[in-house]
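Take a look at the structure below.
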Amino acid sequence: MNSPHDLIRYDLQLIASWIEPGSRVLDLGCGEGDLLQHLIARKGVTGAGIEHNEEKVARCIEKGLSVLQGDISQEVLDYPDNAFDYVILSQTLQQVYEPAALIRSMLRIGHKGIVSFPNFSHWGIRLQVIFTGYAPFSRQLPYPWYETPNIRVITLKDFRKFVHEVGMRVLAEVAIDTHSQDRYGRIIAFLPNLRATYGIYLIGKQ
Amino acid sequence: MSEYIEHDRERVSVGIVAKKQFTFAAPPNAMELESGARLGPVTIAYETYGSLAPDRSHAGLVLHALAGDSRVAGYYAPADEKPGWWDCMVGPGKGIDTDRYFVVCANIIGSCMGSTGPSSANPATGRAYGLDFPVVTIGDMVAAQKALIDHLGIVKLLCVVGGSIGGMQVLEWSVRYPEMVFSAIPLATTMRHSALAIAFNEVARQAIMADPHWDHGNYYGGEKPGLGLAVARMIAHITYLSDESMRLKFGRRLQDKHDFSFNFDADFQVESYLRYQGTKFVERFDANSFLYITKAADYFDLGKQHGDGSAVKACSKAQAKFLVISFTSDWLYPTYQARNIVKALKKSGRDVSFCEIEAEWGHDAFLIPGERLKTLIHGFLERVHDEFAA
C-alpha cells in the first residue's frame, strides 16, 4: 500500500479517507491536481477540478485530469444540483471573498462538502501576537500582512459556528498538527482550537 | 493561415503525404443541405496519417479553418517550400502523435482545395458553379465529413479537433453525431459569431463583390477578382493578429526606406506585409469560396440550430469529453465566448476541461508552434485514449 500515491500531503490523505470509492468529486482550487490524481488512482472516483492559475491548470490537463480554469466562486454557479458526491475546498476558504455563498453553492452542487483551512487560534499564533505584537507569521501563514492572499481569519470554533449559521451541519471533523507540505502528521483530539495547525471538516445539509 | 508554418527544426515530420478524394451523393441521391437545396455529387479531398488499427479505434479528425486544406502535416514532394498547416502539432511524437493515432483531415465543402465548392464543375452545365453553388452551412460541411468517416469504416472518433471555423465544426460534430465523438477539442472558437465577427466578414465579402472582375461570381475562365480577394484577406488577417503582436512584429517601422514616400505606396512594414499576404492568398484561394465559407461561419449558431435557441439544450445532446482552449489576445473569438461554451457544457453535465493560454499572437495563436498547446492536447488525448480503451 506504500505506492508514491500514498505520499500526498497529510491533510489530503485525511480528506481522501472520507471519500467513498467510485464517487464523483469536484476539487475547488485543485492546484496541480495531486489530490484528484490520488483519488482517481486509489478510490476510482470521477474527478474534476477548478483552478485559476493557467500554469497549474495546464499541469493538471497534461496529467490527464479534467480541470477548468476559472474563479471558483463563479464556476460553481454553472453546475446542476447534486452533480457531485463531494465538493472539496482544501486550504482555500481563507482566501474566499464570499465564503457563505460559496459554501451554499458547494452543498447545492454536491451532497457533501469538505473544507480545510489553517487554524488562526493555534497557540503559536496567539503567543506571537501577545509577545511580539506583530501580525502572525508562520509556516501555515507564510505571508506578511501586506502580501497575504488570506483575507479571512478563521479558527476552528469560528468555522463550526459559521457552518451552523449558514444552515449546514458538520458531519465529521479532524484537527491536525502538521506543517503545510508534510506527508506525515498527527491528529489533535485534546484542545484542538489551541493546538491544531489545520482543521478539516466534512459538512452536509441540515 | 499557413504563413506561420516552417519546416520542423528537428526534421520530425509525417513525411510525404498524398491527397485522396472520396465522392458520394451522386444524383438521384444528392445530399440535402440545411437550406433545403440539394448538392451532388459531392467530392471531399482528404488525407490520412498514421495507420488505422484493425479495430478502427484511436482515429482522430482534424478540422481546418477558413483558408486551410486537407494537408494538415507533411509534404507532397520533398522540395515543397512548406509543410502542412499544422505540421507543428501533427506528426510522430507531436501533440497529435501519428505514431499513436490515425489522423484524418478533410477539406470542407464550399472550399477550393479539392472538395466540391463554387469553383467545381456544375454537372448540370459542365461549367463552374459560381453563385449557382448552394449556400452551405457548418452543419453541411460536417454532414459531408461524416460520409467520409463512414466510408473509412470508423464507427467512433477518439477525438475531433480544430480551431476557429474548424472549432465550430468540432462543436457541430459533437452535437450532430454525438455517438460518433468520444472527445472534442474546440480551439479559439465560438458557438456563434458576434456582430463584430460578422461585420469583418461582411466588409471582406464586400471587397470581393466590389471588384469588377468578380462579375457576380462568374469569373472562372477569365480574370479573377484578385484585388477584391486580396483586400478581403488583408481584412481577415488583421482580425487574426492582435495589437500586441502587430506592435512587436511591425511597430511603425518603414519598409525598405528611411522616410515617408509622400505618396500611397506601402511605407510601413505592416502595409507591405498585408499586401504580400493578400497577393499570396489570391494565388491559392478562390474568391467565391471565401464568400461561401465566411457566410457559413456567420450563420453558425449552435444553440439556434440544435437547441431551439438554447446553448445548454444543444450541448446536452453531446456525449463527448471536451477540452476547450482560448487565447488571451484573441479578440475575434475572445475568451468570454469560450467560457460560454464551457458554461453550457457544464450546465448540461458534460465533462469539460478549459484553459486560457496566455499568448500575444491573437486569434492565430493556435497555429503557432508552442509547448503549452502541444502538451495540453497531448495530455488530454492520452487520457481519452485510455478511457476509450476501457
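The values are calculated or read from the model by the stated rules, or taken from the named source; none is laboratory data. For clarity, every value in this text was computed on a predicted model and none was experimentally measured. Cβ sites come from the backbone with ideal geometry, for glycine too, and all protein chains shown count toward neighbours.
Within segment B:167-196, which residues are buried (at least 24 other Cβ atoms within 10 Å of the Cβ), touching a Gly at 6+ places or on another chain (Cβ under 7 Å) and not in a loop (DSSP other than H, G, I, E, B)? Those that are buried (at least 24 other Cβ atoms within 10 Å of the Cβ), touching a Gly at 6+ places or on another chain (Cβ under 7 Å) and not in a loop (DSSP other than H, G, I, E, B): B:Gln169, B:Val170, B:Glu172, B:Pro186, B:Leu187. For A:Ile176, the test of being under 18 Å from the mean Cα position of the chain (by Cα), modelled with pLDDT under 90 and either crowded, with 20+ Cβ neighbours inside 10 Å or among the hydroxyl-bearing types (Ser, Thr, Tyr) (or both) is failed. Checking B:Val161, B:Val155 one by one, the residue that is buried (at least 20 other Cβ atoms within 10 Å of the Cβ) and not in a helix (DSSP H, G or I) is B:Val161 and no other. Condition (residue is surrounded by fewer than 22 Cβ atoms within 10 Å (Cβ to Cβ) and touching a Pro at 6+ places or on another chain (Cβ under 6 Å)) applied to segment B:40-58: is it met by at least one residue? Within segment B:40-58, one or more residues are surrounded by fewer than 22 Cβ atoms within 10 Å (Cβ to Cβ) and touching a Pro at 6+ places or on another chain (Cβ under 6 Å). The single condition from (1) more than 23 Å from A:Leu7 (Cβ to Cβ); (2) surrounded by fewer than 23 Cβ atoms within 10 Å (Cβ to Cβ); (3) more than 10 Å from chain B (Cβ to nearest Cβ) that A:Asp78 fails is (3).
Only one of the listed residues (A:Leu107, A:Leu93, A:Leu191, A:Leu102) is aliphatic (A, V, I, L, M) and loosely packed, with under 15 Cβ neighbours inside 10 Å. That residue is A:Leu191.
Looking across A:Leu89, A:Leu36, one residue alone is within 29 Å of A:Asn193 (Cα to Cα), within 14 Å of another protein chain (Cβ to nearest Cβ) and at pLDDT 95 or above. It is A:Leu36. Of the residues making up segment A:61-74, those that are part of a strand (DSSP E or B) and out of contact with any His (no Cβ under 9 Å at 6 or more places or on another chain) are A:Ser66, A:Val67, A:Leu68.
Within the set A:Ala48, A:Ala58, the sole residue that is free of Cβ contacts under 8 Å to residues at least 12 places away in the same chain and outside any loop (DSSP other than H, G, I, E, B) turns out to be A:Ala58. Would you be able to say whether some residue in segment A:120-132 is assigned to a loop (DSSP other than H, G, I, E, B) and β-branched (Val, Ile, Thr)? No; the residues of segment A:120-132 include none that is assigned to a loop (DSSP other than H, G, I, E, B) and β-branched (Val, Ile, Thr). Take A:Gly124 and tell me if it is more than 14 Å from every other protein chain (Cβ to nearest Cβ), more than 30 Å from B:Leu323 (Cα to Cα) and surrounded by fewer than 13 Cβ atoms within 10 Å (Cβ to Cβ). Here the answer is no, as A:Gly124 does not meet what is asked. Within segment A:47-75, the residues that satisfy the criterion of being of a type in the set (Val, Ile, Thr) and more than 7 Å from every other protein chain (Cβ to nearest Cβ) are A:Ile50, A:Ile72. Under the condition of being in a helix (DSSP H, G or I) and on the phi > 0 side of the Ramachandran plot, the residues counted in segment B:122-138 number 1.
Within segment A:92-105, if we keep just the residues that are polar (S, T, N, Q) and in a helix (DSSP H, G or I), the residue that is nearest to the other protein chains (Cβ to nearest Cβ) turns out to be A:Ser105. Would you call B:Ala128 among the hydrophobic types (A, V, I, L, M, F, W, C) and at pLDDT below 95? Here the answer is no, as B:Ala128 does not meet what is asked.
With respect to A:Arg108, determine if the residue is among the basic types (Lys, Arg), within 14 Å of chain B (Cβ to nearest Cβ) and either outside any loop (DSSP other than H, G, I, E, B) or within 15 Å of the chain's Cα centre (by Cα) (or both). So A:Arg108 fits the description; yes. Listed by first and then second residue, the pairs linking a residue in segment B:1-29 that is at pLDDT below 85 to a residue that is buried (at least 16 other Cβ atoms within 10 Å of the Cβ) and among the hydroxyl-bearing types (Ser, Thr, Tyr), with Cβ atoms under 9 Å apart and 6 or more places separating them unless they lie on different chains, are B:Met1/B:Ser164; B:Met1/B:Tyr240.
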